[in-house]
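Peer 1: Questions regarding the structure given below will be posed in turn.
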Amino acid sequence: MEKGRVTDKALGENALFGMGNPLLDISAVVDKDFLDKYGLKPNDQILAEDKHKAMFDEIAKKSKVEYHAGGSTQNSVKIAQWMIQTPHKVATFFGCIGTDHFGEILKQKAEEAHVDARYYQQTQEPTGTCAACITGDNRSLVANLAAANCYNKEKHLDLDGNWELVEKAKVYYIAGFFLTVSPESILKVAKHASENNKIFSLNLSAPFISQFFKEAMMKVMPYVDILFGNETTDDIAEIARRAQSLPKVNKKRQRVVVFTQGKDDTVATIGEKVTMFSVLDIDQNDIVDTNGAGDAFVGGFLSELVQERTLEECIRAGHYAANVIIRRAGCTFPEKPDFP
């Protein structure tokens with residue numbers, strides 16, 4: 001990290017592994033009429049349906065449209081790598097893209113971020129996109145997974161050269177969104193982590209995951225060492241308590257549940273113990289885009305976790321990263337962190 005901040009352990013390449021939906025974010029400021037036209041809530045995360053297809057064309061024609069490499073897991077590992085700085089390629093990322101211009105942009109952005117991205121490329125579907133419809137402080141995200149939905153365990157994860165990268169890692173992170181794509185890939189990675197006493201973390205991501213993909217989520221849950229969630233999840237304390245009581249395969253590690261709540265305190269539970277951590281103050285006028293805040297928090301957290309630091313240090317780094325990201329458009333960051 002910054003000079004003077006010593007890393008406890010020498011970090012090797014590919015120590016942090018992420019797998020998810022690589023998407024190109026297309027963000028623009030819209031008005032209430034636009035949201036109403038496509039039946040969107042001001043603050044939500046959904047998967048695109050047929051009625052949203054025209055919306056992607058419409059948003060791309062807005063005057064101030066911005067394109068950023070996105071996808072929740074990819075954002076988080078990229079921010080973790082940024083926080084770590086050197087060595088490069090501490091973070092690995094797997095996901096599926098198309099053989100098209102948007103796919104090339106994602107490759108280029110991953111390279112610029114020094115992430116070791118190993119994409120599975122296929123020709124059936126174009127690279128996935130996510131429309132971020134911004135109104136004031138709110139953002140409504142609509143993901144058109146397209147290629148991201150085509151990730152194939154047999155054709156990518158199971159290949160020796162790729163699985164070796166999984167084995168090299170000591171911390172694993174997958175956003176819940178990927179449960180809709182390849183639960184069998186998640187399970188294979190989760191079981192590997194558990195059997196080798198490594199850390200496997202999962203994010204509940206969005207309400208529709210625990211609502212519609214509960215079965216897939218519950219199959220993975222016994223292997224989850226760290227569970228992340230955010231304020232879109234109802235009754236945080238209750239979920240944290242219930243998550244703690246779910247069965248766990250690797251008894252050597254106690255499950256940790258970490259929930260962010262926007263500007264309110266972050267809640268962390270280990271066993272019966274619940275701890276609140278206050279976030280960094282920020283002037284409302286300095287907030288440009290809260291879109292990547294949750295991903296940034298996880299990225300900061302992971303950057304310390306992979307260096308075997310305490311929960312408190314991990315959360316402090318998460319808060320720092322989120323505080324930096326919300327001052328900028330898209331999930332972007334300055335050249336170097338200034339994390340004390």
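Residues checked against (1) outside any loop (DSSP other than H, G, I, E, B); (2) modelled with pLDDT under 95; (3) open to solvent by 30 Å² or more (accessible area, probe 1.4 Å):
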| site | (1), (2), (3) |
| --- | --- |
| Arg5 | no, yes, yes |
| Leu11 | no, yes, no |
| Asn14 | no, no, no |
| Asn21 | no, no, no |
| Ser27 | yes, yes, no |
| Asp33 | yes, no, yes |
| Asp36 | yes, no, yes |
| Pro42 | no, yes, yes |
| Ile46 | yes, yes, yes |
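Peer 1: OK, next. Taking region 110-120, which residues are open to solvent by less than 70 Å² (accessible area, probe 1.4 Å) and either at pLDDT 95 or above or not in a helix (DSSP H, G or I) (or both)?
Peer 2: Residues satisfying the conditions are Ala113, Val115, Asp116, Ala117, Tyr119, Tyr120.
Peer 1: If you don't mind, another one. Looking at region 296-313 only, could you name the residues that are farther than 15 Å from Pro340 by Cβ, part of a helix (DSSP H, G or I) and open to solvent by less than 10 Å² (accessible area, probe 1.4 Å)?
Peer 2: Ala296, Phe297, Val298, Gly299, Phe301, Leu302
Peer 1: Continuing with this model, one more query. Looking at Lys155, Lys89, Lys107 in this structure, which one is in a helix (DSSP H, G or I), farther than 24 Å from Glu184 by Cα, open to solvent by 10 Å² or more (accessible area, probe 1.4 Å) and in contact (Cβ under 8 Å) with a residue 12 or more places away in the chain?
Peer 2: Working: Lys155 fails: farther than 24 Å from Glu184 by Cα; Lys89 fails: in a helix (DSSP H, G or I).
None of the other options fit; the residue is Lys107.
Peer 1: Quickly run through region 204-220 and pick out the residues that are modelled with pLDDT of 85 or more, assigned to a helix (DSSP H, G or I) and surrounded by 18 or more Cβ atoms within 10 Å (Cβ to Cβ).
Peer 2: Of region 204-220, the ones modelled with pLDDT of 85 or more are 204, 215-220.
Adding the requirement that they be assigned to a helix (DSSP H, G or I) leaves 215-220.
Answer for region 204-220, where residues must be modelled with pLDDT of 85 or more, assigned to a helix (DSSP H, G or I) and surrounded by 18 or more Cβ atoms within 10 Å (Cβ to Cβ): Ala216, Met217, Val220.
Peer 1: For Ala193, all conditions in the list (1) surrounded by 17 or more Cβ atoms within 10 Å (Cβ to Cβ); (2) modelled with pLDDT under 95; (3) of a type outside the set (Asp, Glu) hold save one; what is the number of the exception?
Peer 2: Unmet condition: (2).
Peer 1: Residues being touching a His at 6+ places or on another chain (Cβ under 6 Å) and either assigned to a strand (DSSP E or B) or of a type in the set (Val, Ile, Thr) (or both): count how many of those fall in region 269-295.
Peer 2: The qualifying residues number 1.
Peer 1: Now for a separate question. Got at least one residue in region 53-60 being farther than 22 Å from Phe200 by Cα and part of a loop (DSSP other than H, G, I, E, B)?
Peer 2: no
Peer 1: If Gly330 satisfies all but one of (1) open to solvent by 10 Å² or more (accessible area, probe 1.4 Å); (2) in a loop (DSSP other than H, G, I, E, B), what's the number of the condition it fails?
Peer 2: Evaluating Gly330 over (1) open to solvent by 10 Å² or more (accessible area, probe 1.4 Å); (2) in a loop (DSSP other than H, G, I, E, B) leaves (1) as the failure.
Peer 1: Contact list please: Cβ distance under 6 Å, first residue in region 131-147 and closer than 16 Å to Phe177 by Cβ, second residue among the hydroxyl-bearing types (Ser, Thr, Tyr), pairs at least six apart or on different chains.
Peer 2: Pairs found: Ala132/Ser27; Asn144/Thr129; Ala147/Thr127.
Peer 1: Quick check on my filter: what residues within region 67-86 are touching a residue at least 24 places away in the same chain (Cβ under 8 Å), in a loop (DSSP other than H, G, I, E, B) and surrounded by fewer than 24 Cβ atoms within 10 Å (Cβ to Cβ)?
Peer 2: Scanning region 67-86 gives a single hit, Gln85.
Peer 1: May I ask you to list pairs of residues, at least six apart or on different chains, whose Cβ atoms are under 6 Å apart, with the first in region 254-282 being open to solvent by 90 Å² or more (accessible area, probe 1.4 Å) and the second being among the acidic types (Asp, Glu)?
Peer 2: These pairs meet every condition: Met276/Asp265.
Peer 1: Right, something else. Answer yes or no as to whether Ser201 is hydroxyl-bearing (Ser, Thr, Tyr), open to solvent by less than 40 Å² (accessible area, probe 1.4 Å), in a helix (DSSP H, G or I) and closer than 27 Å to Glu304 by Cα. First the steps, then the outcome.
Peer 2: Values: hydroxyl-bearing (Ser, Thr, Tyr): yes; open to solvent by less than 40 Å² (accessible area, probe 1.4 Å): yes; in a helix (DSSP H, G or I): no; closer than 27 Å to Glu304 by Cα: yes.
Criteria not met by Ser201.
Peer 1: Restricting attention to region 110-130, and to residues there that are in contact (Cβ under 8 Å) with a residue 24 or more places away in the chain and among the acidic types (Asp, Glu), which single residue is nearest to Ser303 (Cα to Cα)?
Peer 2: Asp116
The values are calculated or read from the model by the stated rules, or taken from the named source; none is laboratory data. This one's a predicted model, so the numbers in the text were calculated from it and none came from an experiment. All Cβ positions, even for glycine, are placed from backbone atoms using ideal geometry, and neighbour counts span all protein chains on display. Heavy atoms of the whole protein, side chains included, go into the accessibility calculation; ligands, DNA and RNA do not. Shrake-Rupley method; radii C 1.70, N 1.55, O 1.52, S 1.80 Å.
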